[in-house]
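> After the structure tokens below, expect a handful of questions from me.
The values are calculated or read from the model by the stated rules, or taken from the named source; none is laboratory data. All of these numbers come straight from a predicted model, not from anything done at the bench. Positions of Cβ are backbone-derived with ideal geometry, glycine not excepted, and every protein chain shown enters the neighbour counts.
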Amino acid sequence: MNIEISEDLIERACKGRSTKEDGLLLLEIPPFKLFRFADELRSLTVGDTVTYVVNRNINFTSRCVGTCGFCAFRTDNGKVLSIEEIIEKVREAERAKATEVCIQGGLLPDVGLDFYQGIAESIKAEFPEMHIHAFSPMEVYHASRISGVKVSEALSKLKRSGLDTMPGTAAEILSDRVREIICPSKLRTEEWIKVVTQAHTAGIPTTATMMYGHVETPEERIDHILTIREIQKETGGITEFVPLPFMPYNNPIGEKMIREGRYATPGLEDLKIYAISRILLHGHVDNIQASWVKLGKKLSQFALSCGANDLGGTLMEESISRLAGAPNGESISVEELEWMIYGAGRVPKERTTLYKGVRELASRNPGRTNGCGVSE
């Protein structure tokens, strides 16, 4: 069916007023027409620059009291890194010229806010300029309950301890129907929204994610994206939106899918999610990140022509996606990221967590080449 994108839909999208009905219609648009429109909006918003951040993941434990059916990372008795072990990883990140450490871990029983504050304070004591991007909404919610304080108070304390920004993970799909199936012990949709909006009020910007491709409906995906838009309209605190395809390996939800003959989302479906995200969020969330870990390097390159404008981070140590079956590696060099961006016909730029410029491109250093192999 050769459905066209109507002038009315285009006008609403350009004004940042796309409706749920528009989102559902976009699902039916032929892919390359959809990609072209999303790419035009990307160009209007951020131009031809594609960004990345030099960062390091630090997962301080796999031990977790959670029961998420999609998780391949959780263990009952995993090691908990000491403060000194965490600091040594930050030292390695600093030597690699990272500007950010991204810190998350499992939910530890009887471990409250002091634990998280201690991590942030110890890092800032030695590395005051290192950006701490840490602690998911679920971790903050869990720590506040263990410590017997309100979420708003927990966030204020974490901010004072040195927390700069929060990953907007634990969102999965913001539908309580879905959450009851895949993560029944996790915070509810309204609780996730409350933690994120209160973080913004406390001066802690966040990202926002969507893990799709499991038990949700197409309509629930659209609702999720529009929920993110409503949060952004209220607070302005979301720095980027990151669609994350579900990895259906080594976890109960995925194993059930595979028994039913369903596997990971097809690449074309992934690209449509990126395009629809760009269109529905236009005028509100400027940055759409393509995860090279989840998509793979070549598909994430192609996503740059479907609305995405950021490739995330170098990571240095990625374990959560790897354990769920993502085959694309634990780290990537700046040089390879820039090569990928040049190869997609775009201009690379290193950024900070808050999308500010950092330093000269690695490929502009002596002896480095651009994506065409031509000396800069």
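> How many of the residues in the stretch 299-333 are modelled with pLDDT under 95 and assigned to a helix (DSSP H, G or I)?
The qualifying residues number 4.
> Please go through the stretch 155-180 and pick out each residue that is surrounded by fewer than 17 Cβ atoms within 10 Å (Cβ to Cβ) and either in contact (Cβ under 8 Å) with a residue 40 or more places away in the chain or on the phi > 0 side of the Ramachandran plot (or both).
Lys159, Arg177
> Now for a separate question. Do we have Ser136 as among the polar types (S, T, N, Q), within 20 Å of Phe60 (Cβ to Cβ) and touching a helix residue (DSSP H, G or I) at 6+ places or on another chain (Cβ under 8 Å) here?
When the stated conditions are applied, Ser136 does not pass them.
> Quickly run through the stretch 219-273 and pick out the residues that are surrounded by fewer than 19 Cβ atoms within 10 Å (Cβ to Cβ), free of Cβ contacts under 8 Å to residues at least 60 places away in the same chain, of a type in the set (D, E, K, R) and part of a helix (DSSP H, G or I).
Glu220, Glu230, Lys233, Glu234, Glu255, Lys256, Arg259, Glu269
> Specify which of the listed residues (Arg177, Arg160, Arg221, Arg188) is within 17 Å of the chain's Cα centre (by Cα) and among the charged types (D, E, K, R).
Answer to the check: Arg221.
> Report, by residue number, each residue of the stretch 336-363 that is over 21 Å from Pro167 (Cβ atoms), touching a strand residue (DSSP E or B) at 6+ places or on another chain (Cβ under 9 Å) and either modelled with pLDDT of 90 or more or assigned to a strand (DSSP E or B) (or both). Spell out how you get there, then give the answer.
Quick first cut of the stretch 336-363, residues over 21 Å from Pro167 (Cβ atoms) only: 336, 338-349, 357, 359-363.
Cutting the leftovers down to touching a strand residue (DSSP E or B) at 6+ places or on another chain (Cβ under 9 Å) gives us 338-342, 344, 346-349, 357, 359-363.
Hits for the stretch 336-363 are Glu338, Trp339, Met340, Ile341, Tyr342, Ala344, Arg346, Val347, Pro348, Lys349, Gly357.
> Separate question: Going through the stretch 78-93 one residue at a time, which ones are free of Cβ contacts under 8 Å to residues at least 60 places away in the same chain, of a type in the set (D, E, K, R) and farther than 13 Å from Thr61 by Cβ?
Glu84, Glu88, Arg91
> With respect to Ala125, determine if the residue is in a helix (DSSP H, G or I) and within 25 Å of Gln198 (Cα to Cα).
no
> Say whether the condition of being surrounded by 14 or more Cβ atoms within 10 Å (Cβ to Cβ), touching a strand residue (DSSP E or B) at 6+ places or on another chain (Cβ under 9 Å) and in contact (Cβ under 8 Å) with a residue 40 or more places away in the chain is met by at least one residue in the stretch 3-24.
The answer is no; no qualifying residue exists.
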